[in-house]
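Only one structure is covered here, and it is reproduced in the block below.
The values are calculated or read from the model by the stated rules, or taken from the named source; none is laboratory data. Computed from a prediction, not measured in an experiment: that's the story for all the values here. Cβ: placed from backbone, ideal geometry, glycine included. Neighbour counts: every protein chain shown. Only protein heavy atoms, including side chains, enter the accessible area calculation; ligands, DNA and RNA are left aside. Shrake-Rupley method; radii C 1.70, N 1.55, O 1.52, S 1.80 Å.
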Amino acid sequence: MTMIQVSDLSLTYPGTRNPAVDGISFEVGQGEIFGFLGPSGAGKSTTQRVLCRLLQHWSGSVTVMDRSLADWGQGYFAHVGVSFELPNHYLQLTARENLKLFANLYPQDVTRSEDLLAVVDLTADADTRVGQFSKGMMQRLSFVRAFQHEPRLVFLDEPTAGLDPVNARRITDHLQTLRADGCTIFLTTHDMHVADLLCDRVAFMVQGRLALIDTPRNLRLAHGRKQVQVEYRTGEGQRQELFDLDGIGGNERFAELLRSEEIETIHTQEATLEDIFIRTTGEQLL
């Protein structure tokens, strides 16, 4: 099933000449984590806001969950979750009160809040006023709020920004679990490590247009070098040599190194997603 189908989407903000989104087309399958990558000002957030029904006056065709986006009413939000990069909570309410307030906006029963608080390690702080939370705690609370009503489709903007490595891992691990359960996730991020770890496919966006869409693995294979780098230590210090992967099994020098030297690392020369983005678009991910 195709969860999102976008065709020739364009949007120009009032008072500007250049479109923020310029005729983009893509689709997202059910149960897919789809990464939307690009530098600031590329049009990522504008596209996300269109799909969240926060922006109007766009042109093109957008279908979500087998229905035209324009035909969806308020019932849309019972199936959709959203978490923006900057947390927005009621600071005088506790975490649990914030979640209950938003849970009451949905027509369905919301039963996942306590489980999700445990997932992001906020159970002990659930009755603390959010105004006393750190930015990372607010970010984790935003994550719970986005998923507590068990949406079919979730839009996440920088879900691990400001989180320490332990809590970032909690978030990424749970996103993989949700994907396995059939949840579709539209992810915008500057963090290429998170995109590489999570995304089934990524789209590179620059100046309002899509430059490339593919799986991270295919991109690394297409843009990396078919070489392996061997680092080893001798009496003169650390040294390294490069070997072509093709025919490496019969390479006598490679075999000799493995037999006779103190090998420290062996790495294939894969390109990173950030390397590929820069090569493809000429833009830096800032």
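Taking every pair of alpha-carbon atoms in the chain, give the share separated by more than 34 Å as a whole percent.
32 percent
Find the accessible area per residue for the chain; the probe is 1.4 Å, ligands and nucleic acids are left out, and the unit is Å².
Details: 14530 Å² over 286 residues.
Per-residue value: 51 Å².
Let me check something: with ligands and nucleic acids excluded, how do 232, 106, 13 order by accessible area (1.4 Å probe), largest to smallest?
Listed by decreasing accessible area, they come as 13, 106, 232.
Report the net charge of residues surrounding residue 66, where surrounding means a beta-carbon distance below 15 angstrom and charges are Lys +1, Arg +1, Asp -1, Glu -1.
Here the charged neighbours net out to 0.
Stokes-Einstein D for segment 1-107 at 37 °C, 0.692 mPa s, Kirkwood Rh over Cα pairs, in µm²/s?
In µm²/s, the coefficient is 209.
Can you give the net charge of the other residues whose Cβ lies under 14 Å from the Cβ of residue 162, counting K and R as +1 and D and E as -1?
For residues surrounding residue 162, the net value is -2.
What does the charge count near residue 130 come to, summing +1 for each Lys or Arg and -1 for each Asp or Glu among other residues with Cβ under 12 Å from its Cβ?
+2
When we measure straight from the Cα of residue 135, which lysines land under 29 angstrom away, once same-chain ones fewer than 8 places off are left out?
Straight-distance partners of residue 135: 44, 100.
Which value, in Å² rounded to 10, gives the accessible area of residue 44 with a 1.4 Å probe and all protein chains present?
20 Å²
Roughly how much of residue 115 is accessible, in Å² to the nearest 10, using a 1.4 Å probe?
Answer for residue 115: close to 90 Å² accessible.
Can you give me the distance in nm between label points at residue 245 and residue 267, each placed 7 Å from the Cα along the Cα-to-Cβ direction?
Between residue 245 and residue 267, the label points sit 1.5 nm apart.
Which whole-Hz ³J(HN,Hα) couplings does segment 140-145 yield from phi under the Karplus relation 6.51 cos²θ - 1.76 cosθ + 1.60, θ = phi - 60°, glycine and proline marked x?
Each residue's phi maps through the Karplus curve to give 5, 5, 4, 4, 4, 4 Hz.
Taking every pair of distinct Cα atoms and averaging 1/r, then inverting, what Kirkwood hydrodynamic radius in Å comes out for segment 115-174?
Details: mean 1/r = 0.0844 Å⁻¹.
About 11.8 Å, per the Kirkwood formula over Cα pairs.
Who wins for biggest fluctuation among 27, 231, 158 in a Gaussian network model of the chain, springs between alpha carbons below 10 Å?
231
Given 37 °C and 0.692 mPa s, compute D for segment 188-233 with the Stokes-Einstein relation, Rh being the Kirkwood radius over Cα pairs; round to the nearest whole µm²/s.
262 µm²/s
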